Amino acid sequence: MRLKEIAALVGGTLVGDPEQEAARCSSLANAGPGGIVFLEDKKFVPQLGGRRPACAIVSPGMRLEGINVIEVKNPAIAFATAMDALHPAKKPAPGIHPTATVHLEAKLGHGCHVGPYASIGAGSRLGDNVVIHQSASIGESTAIGDNSVIHPNVTIYPHTAIGKRAIIHAGAVIGADGFKFLTGEGGRRIKVSHIGRVRIGDDVEIGANSCIDRAMLDETVIGDGVKIDNLVQIGHNCVIGDHTVIAAGCGIAGSVTIGKHVTIGGLVGMADHITIADNTFIAGKTGVTGDIGPGIFGGGYAMPINEWRRAEVAYRRGPEILRRLTALEKKGE
Amino acid sequence: MRLKEIAALVGGTLVGDPEQEAARCSSLANAGPGGIVFLEDKKFVPQLGGRRPACAIVSPGMRLEGINVIEVKNPAIAFATAMDALHPAKKPAPGIHPTATVHLEAKLGHGCHVGPYASIGAGSRLGDNVVIHQSASIGESTAIGDNSVIHPNVTIYPHTAIGKRAIIHAGAVIGADGFKFLTGEGGRRIKVSHIGRVRIGDDVEIGANSCIDRAMLDETVIGDGVKIDNLVQIGHNCVIGDHTVIAAGCGIAGSVTIGKHVTIGGLVGMADHITIADNTFIAGKTGVTGDIGPGIFGGGYAMPINEWRRAEVAYRRGPEILRRLTALEKKGE
Amino acid sequence: MRLKEIAALVGGTLVGDPEQEAARCSSLANAGPGGIVFLEDKKFVPQLGGRRPACAIVSPGMRLEGINVIEVKNPAIAFATAMDALHPAKKPAPGIHPTATVHLEAKLGHGCHVGPYASIGAGSRLGDNVVIHQSASIGESTAIGDNSVIHPNVTIYPHTAIGKRAIIHAGAVIGADGFKFLTGEGGRRIKVSHIGRVRIGDDVEIGANSCIDRAMLDETVIGDGVKIDNLVQIGHNCVIGDHTVIAAGCGIAGSVTIGKHVTIGGLVGMADHITIADNTFIAGKTGVTGDIGPGIFGGGYAMPINEWRRAEVAYRRGPEILRRLTALEKKGE
């Protein structure tokens with residue numbers, strides 16, 4: 001693509017040669033002829049180390065000596081847009097691999113790809129251009145919307161509903177039984193069957209080896225635009241609001257209601273039956289045992305982040321506090 | 001089923017129409033004609049919102065105007081029993097899928113189902129009515145007891161022993177090598193081979209993408225009736241006592257001995273070579289580095305839960321403590 | 001093997017019968033005729049309980065009445081060496097299973113084994129004696145070095161490079177997209193495409209169901225000799241130095257640089273863009289949000305381990321501190 005085309009695509013202003021060609025995006029460390037880099041802030045210029053990319057996408061007003069720039073209000077989004085244009089995701093060719101097992105009572109839309117050893121159960125319906133990769137297991141009576149991609153070794157239990165443009169990474173498990181046991185005679189654990197399902201909205205991405213349990217009754221709901229990282233556990237009957245983001249390693253117990261536009265850092269744990277308000281931000285490794293939000297929270301036991309930081313400072317000064325307290329006591333004797 | 005049949009099944013007393021039919025279980029929010037709900041406590045009645053289920057399973061003495069009730073000592077267990085009767089788990093038909101690979105030297109009992117792309121290694125023995133789902137990998141010399149269900153994409157390493165009625169959810173890995181490395185010259189890590197195995201008792205459920213490592217020598221043991229949630233790590237040579245429950249995201253290091261009837265919340269970490277007594281209860285996110293129990297424990301470093309709660313209150317008051325201490329010091333000058 | 005052969009193999013000195021045969025390694029609890037045990041310290045002798053193994057591998061100077069010993073400077077390494085000699089890992093026979101899918105444009109070295117339902121994508125190159133187990137998915141343009149073993153249900157995304165003698169346990173996912181989203185209009189999350197790759201050195205072991213994300217641009221790098229336990233998350237663009245060890249359940253966010261010979265306990269969380277120095281030791285469950293090392297660290301918020309221990313003691317005495325403070329205040333009134 002020529003720089004003038006890229007500038008138009010990203011809604012930016014080109015300062016430089018409009019006919020210059022760019023073929024790829026790169027990091028500053030691997031910048032070179034024909035490449036486009038992203039430079040949000042002048043402080044990162046030294047990382048270029050004299051390399052000469054074809055163009056840098058920059059914040060308004062930034063100039064780089066001898067390098068074409070496209071200035072744009074949000075250079076990060078512009079660079080992501082350029083990436084998608086210059087490095088489009090490779091889509092596997094439509095068709096059902098001869099080794100795949102598609103049930104006669106499953107329905108596939110136009111342009112679907114079903115990879116080797118994948119299986120699609122009875123009564124399932126795939127939209128158009130859905131990609132099912134190797135060894136993915138799509139249970140019975142499952143719906144998957146247009147343009148969704150299911151990566152290898154994913155397991156979708158029966159009766160799951162997945163929206164359009166979903167990306168489900170390798171090894172994820174959607175719809176396993178929730179973890180609910182009653183205690184019977186002699187402390188024996190009695191399994192509570194799960195007859196609910198998982199319903200996932202549009203534009204959702206679910207990370208590798210993450211797990212979303214089906215509801216006991218009714219539905220576990222993942223809203224539109226939710227992004228879930230790798231190795232995340234979502235318990236039965238949770239409801240995750242639209243455009244919420246959950247980083248790797250989180251464990252969300254059952255029946256948790258999380259609002260919209262919530263941001264949850266890595267390794268956060270949440271107890272069951274709590275509610276997180278819209279727009280809440282939860283720092284990594286926080287433990288949440290009650291309703292919180294909106295606001296910014298952190299700590300082993302969630303608290304407003306500034307309170308937590310001050311408490312943490314005092315925690316570190318605990319030995320000093322003990323010494324000062326003992327000194328005062330001696331003085332008073 | 002008629003309500004009189006359900007009342008008999010769950011050992012409860014019907015107050016209402018014995019001939020009324022019920023076809024399904026539902027939540028209060030989705031209650032309706034022909035449905036059975038579960039109402040342990042009067043305080044949940046508003047959630048019914050005027051809906052009229054065929055019947056409610058309730059605690060002794062509870063009455064609902066115009067709704068049949070079955071009263072029973074433990075309504076939660078009764079409802080679970082009704083669920084199993086009205087919504088029996090769908091068992092796949094017996095038979096070996098033409099794409100499956102069953103070694104000539106493997107033995108299968110009566111009524112087994114082996115799904116597409118599943119493989120069963122040499123010398124393995126399956127009991128009766130075992131279900132092996134798609135792409136599950138059952139290694140050599142492995143035993144699986146009657147009525148067990150192995151979900152898709154599970155990997156069972158060779159020489160594993162699994163009891164009866166096990167449920168192993170998708171993506172779980174049983175019997176991978178434990179994590180033990182010695183440090184050699186130049187800091188090079190030397191792998192210690194693992195020649196032990198995993199032995200799992202009867203009535204065990206293991207969650208999606210959980211991992212149980214084989215012993216270095218001897219056995220990693222999961223007792224009867226143990227229930228393990230998703231994304232749990234059990235290290236090599238652990239021994240987990242009967243009817244113990246471990247919630248999602250826990251990491252149990254090697255050679256940990258956990259007693260019977262222990263309850264472990266989510267995201268708990270345990271250091272290696274420790275012992276947890278029978279009937280211990282460990283709150284979510286606790287870190288355990290030494291022997292504990294019986295009793296109830298919590299905290300980043302495990303402590304009796306009431307001590308932990310009080311310590312946590314003081315932690316939050318740390319900044320206040322510092323101010324008060326400084327004020328006292330000034331006063332004394 | 002005869003004891004004189006084992007002594008020579010492990011570089012130790014035999015005190016006892018050189019012609020005695022030994023056939024297997026065992027624990028102290030299962031010691032018996034023909035078996036070799038490992039006894040680093042006299043204090044473990046009672047665990048033998050009068051059992052009579054063929055030989056014990058011991059620290060220099062240790063003697064056991066009536067039992068042959070091989071004394072050696074590092075008995076743990078010697079025992080591991082004996083284990084490998086007496087219990088060599090069973091290698092599956094070379095050959096491509098008839099159900100496997102190997103792309104015409106993939107290249108395999110000598111002696112490779114490709115198991116049932118495994119798939120190897122276009123342009124991929126396997127070295128000699130590589131083992132690909134059941135249902136493993138090897139994407140396009142991926143390189144795997146000599147003698148590496150890929151266990152069942154592993155997913156390797158396209159363009160990954162893996163060195164020699166790698167062991168990748170079941171369910172691991174290498175090369176999924178990193179977790180990076182920008183926020184667009186209305187709080188909508190915009191995916192940033194990932195066009196980088198994962199590069200893994202020689203002698204690396206990766207645990208079951210662990211995930212290593214591809215770089216956004218450039219590479220996520222796992223150095224030589226790195227050992228990663230089960231259920232570990234390594235974010236995009238991380239660089240892990242040679243011979244570093246990461247225990248189960250850790251979550252390492254994006255762009256973290258970890259030095260060489262670092263030891264990281266279980267369930268540790270690391271924030272993005274931080275640097276860990278060579279030879280750092282991080283205790284289990286530590287949270288790391290800034291650059292640290294070298295040294296030994298622990299705590300919810302990483303601190304030098306001795307400071308952390310003292311702070312933790314003061315934390316537990318928090319309620320006592322409050323009481324003493326209040327008493328002082330009353331006294332001063």
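The values are calculated or read from the model by the stated rules, or taken from the named source; none is laboratory data. Keep in mind that this is a model prediction, so the values were computed, not measured. Neighbour counts are summed over all protein chains in view; Cβ atoms, including those assigned to glycine, are modelled from backbone coordinates with ideal geometry.
Which members of segment B:272-286 meet the condition of being within 14 Å of chain A (Cβ to nearest Cβ) and β-branched (Val, Ile, Thr)?
Matches in segment B:272-286: B:THR280, B:ILE282, B:THR286.
Restricting attention to strands (runs of 3 or more DSSP E) lying wholly within segment C:1-78, give those where 3 or more residues are surrounded by 18 or more Cβ atoms within 10 Å (Cβ to Cβ).
Qualifying strands (runs of 3 or more DSSP E): C:35-39, C:55-58, C:68-71.
Would you be able to say whether some residue in segment B:103-110 is modelled with pLDDT of 95 or more, surrounded by 16 or more Cβ atoms within 10 Å (Cβ to Cβ) and acidic (Asp, Glu)?
No, because not a single residue in segment B:103-110 is modelled with pLDDT of 95 or more, surrounded by 16 or more Cβ atoms within 10 Å (Cβ to Cβ) and acidic (Asp, Glu).
Just wondering, is there one or more residues in segment A:239-255 that are under 21 Å from B:VAL37 (Cα atoms), assigned to a loop (DSSP other than H, G, I, E, B) and at pLDDT 95 or above?
Taking every residue of segment A:239-255 in turn, at least one turns out to be under 21 Å from B:VAL37 (Cα atoms), assigned to a loop (DSSP other than H, G, I, E, B) and at pLDDT 95 or above.
If B:THR220 satisfies every condition in (1) outside any helix (DSSP H, G or I); (2) at the interface with chain A (Cβ under 9 Å from one of its Cβ atoms); (3) among the β-branched types (Val, Ile, Thr) but one, which is the exception?
(2)
Just to check your reading of the model, which residue among A:ASP128, A:ASP202, A:ASP146 is within 14 Å of chain C (Cβ to nearest Cβ), among the acidic types (Asp, Glu) and assigned to a loop (DSSP other than H, G, I, E, B)?
Criteria check complete, one pass: A:ASP202.
With C:GLY235, C:GLY254 as the choices, which residue is in contact (Cβ under 8 Å) with a residue 60 or more places away in the chain and of a type outside the set (S, T, N, Q)?
Criteria check complete, one pass: C:GLY254.
Here are the criteria: (1) part of a strand (DSSP E or B); (2) within 14 Å of chain A (Cβ to nearest Cβ). Tell me which single one B:LEU182 does not satisfy.
(2)
Here are the criteria: (1) within 25 Å of A:GLY284 (Cβ to Cβ); (2) within 13 Å of chain A (Cβ to nearest Cβ). Tell me which single one C:PRO294 does not satisfy.
Evaluating C:PRO294 over (1) within 25 Å of A:GLY284 (Cβ to Cβ); (2) within 13 Å of chain A (Cβ to nearest Cβ) leaves (2) as the failure.
Which condition breaks for A:ILE212 when tested against (1) more than 9 Å from chain C (Cβ to nearest Cβ); (2) assigned to a loop (DSSP other than H, G, I, E, B)?
The one condition A:ILE212 does not meet is (2).
Which numbered condition trips up B:THR289, out of (1) surrounded by fewer than 21 Cβ atoms within 10 Å (Cβ to Cβ); (2) within 13 Å of chain A (Cβ to nearest Cβ); (3) under 21 Å from A:LEU267 (Cβ atoms)?
Going through the list (1) surrounded by fewer than 21 Cβ atoms within 10 Å (Cβ to Cβ); (2) within 13 Å of chain A (Cβ to nearest Cβ); (3) under 21 Å from A:LEU267 (Cβ atoms), B:THR289 breaks only (2).
Here is a check on your reading of the model: is C:ILE305 within 14 Å of chain A (Cβ to nearest Cβ), in contact with an Asp or Glu (Cβ under 7 Å, 6 or more places away or on another chain) and surrounded by fewer than 21 Cβ atoms within 10 Å (Cβ to Cβ)?
Criteria not met by C:ILE305.
Go through segment A:157-174 residue by residue and tally those that are assigned to a strand (DSSP E or B) and either of a type in the set (Ser, Thr, Tyr) or under 18 Å from the mean Cα position of the chain (by Cα) (or both).
So the count comes out to 5.
One residue is enough: does segment A:288-305 have a residue meeting the conditions charged (D, E, K, R) and at pLDDT below 95?
no
Give me the residue from segment B:224-238 that is assigned to a loop (DSSP other than H, G, I, E, B) and among the polar types (S, T, N, Q) and, out of that set, surrounded by the most Cβ atoms within 10 Å (Cβ to Cβ).
Checked segment B:224-238; the qualifying residue surrounded by the most Cβ atoms within 10 Å (Cβ to Cβ) is B:ASN230.
Would you confirm, using the coordinates I've provided, whether B:ALA122 is out of contact with any strand residue (DSSP E or B) (no Cβ under 9 Å at 6 or more places or on another chain), under 30 Å from A:PRO116 (Cβ atoms) and within 14 Å of chain C (Cβ to nearest Cβ)?
yes
Given (1) at positive phi; (2) at the interface with another protein chain (Cβ under 9 Å from one of its Cβ atoms), identify the lone condition not met by A:GLY269.
(1)
From the list C:ILE228, C:ILE264, C:ILE246, C:ILE240, exactly one residue is free of Cβ contacts under 8 Å to residues at least 60 places away in the same chain, within 14 Å of chain B (Cβ to nearest Cβ), closer than 30 Å to A:ALA82 by Cβ and under 13 Å from the mean Cα position of the chain (by Cα). Which is it?
The conditions single out C:ILE240.
List the pairs whose first member sits in segment C:275-297 and is in the same structural domain as C:ILE246 (by TED's automatic domain parsing) and in a strand (DSSP E or B), whose second member is of a type in the set (A, V, I, L, M, F, W, C) and at pLDDT below 95, and whose Cβ atoms are under 6 Å apart, counting only residues at least 6 apart or on separate chains?
none
Would segment B:210-223 turn up any residue that is crowded, with 24+ Cβ neighbours inside 10 Å, farther than 19 Å from C:ALA208 by Cβ and within 17 Å of the chain's Cα centre (by Cα)?
No, segment B:210-223 contains no residue that is crowded, with 24+ Cβ neighbours inside 10 Å, farther than 19 Å from C:ALA208 by Cβ and within 17 Å of the chain's Cα centre (by Cα).
Among (1) out of contact with any Asp or Glu (no Cβ under 8 Å at 6 or more places or on another chain); (2) among the small types (Gly, Ala, Ser); (3) in contact (Cβ under 8 Å) with a residue 24 or more places away in the chain; (4) surrounded by fewer than 24 Cβ atoms within 10 Å (Cβ to Cβ), there is one condition A:ALA172 misses while meeting the rest; what is its number?
(4)
Quick check, is C:GLY251 surrounded by fewer than 21 Cβ atoms within 10 Å (Cβ to Cβ), within 13 Å of chain B (Cβ to nearest Cβ) and not hydroxyl-bearing (Ser, Thr, Tyr)?
no
Taking C:SER137, is it of a type in the set (Gly, Ala, Ser) and under 28 Å from B:PRO116 (Cα atoms)?
It is true that C:SER137 is of a type in the set (Gly, Ala, Ser) and under 28 Å from B:PRO116 (Cα atoms).
Could you list, ordered by first residue, the pairs with Cβ atoms under 6 Å in which the first is in segment C:318-333 and of a type in the set (Val, Ile, Thr) and the second is surrounded by fewer than 16 Cβ atoms within 10 Å (Cβ to Cβ) and assigned to a helix (DSSP H, G or I), at least 6 apart or interchain?
none
List pairs: first in segment C:177-201 and more than 21 Å from C:ILE228 (Cα to Cα), second aromatic (Phe, Trp, Tyr) and part of a loop (DSSP other than H, G, I, E, B), Cβ under 9 Å, 6+ apart or cross-chain?
none
Which members of segment C:256-274 meet the condition of being farther than 17 Å from B:PHE181 by Cβ and outside any loop (DSSP other than H, G, I, E, B)?
Listed by number, the residues that qualify are C:THR257, C:GLY269, C:MET270.
Using the structure shown, decide if C:VAL114 is under 17 Å from A:THR99 (Cα atoms) and among the β-branched types (Val, Ile, Thr).
Against the criterion (under 17 Å from A:THR99 (Cα atoms) and among the β-branched types (Val, Ile, Thr)), C:VAL114 qualifies.
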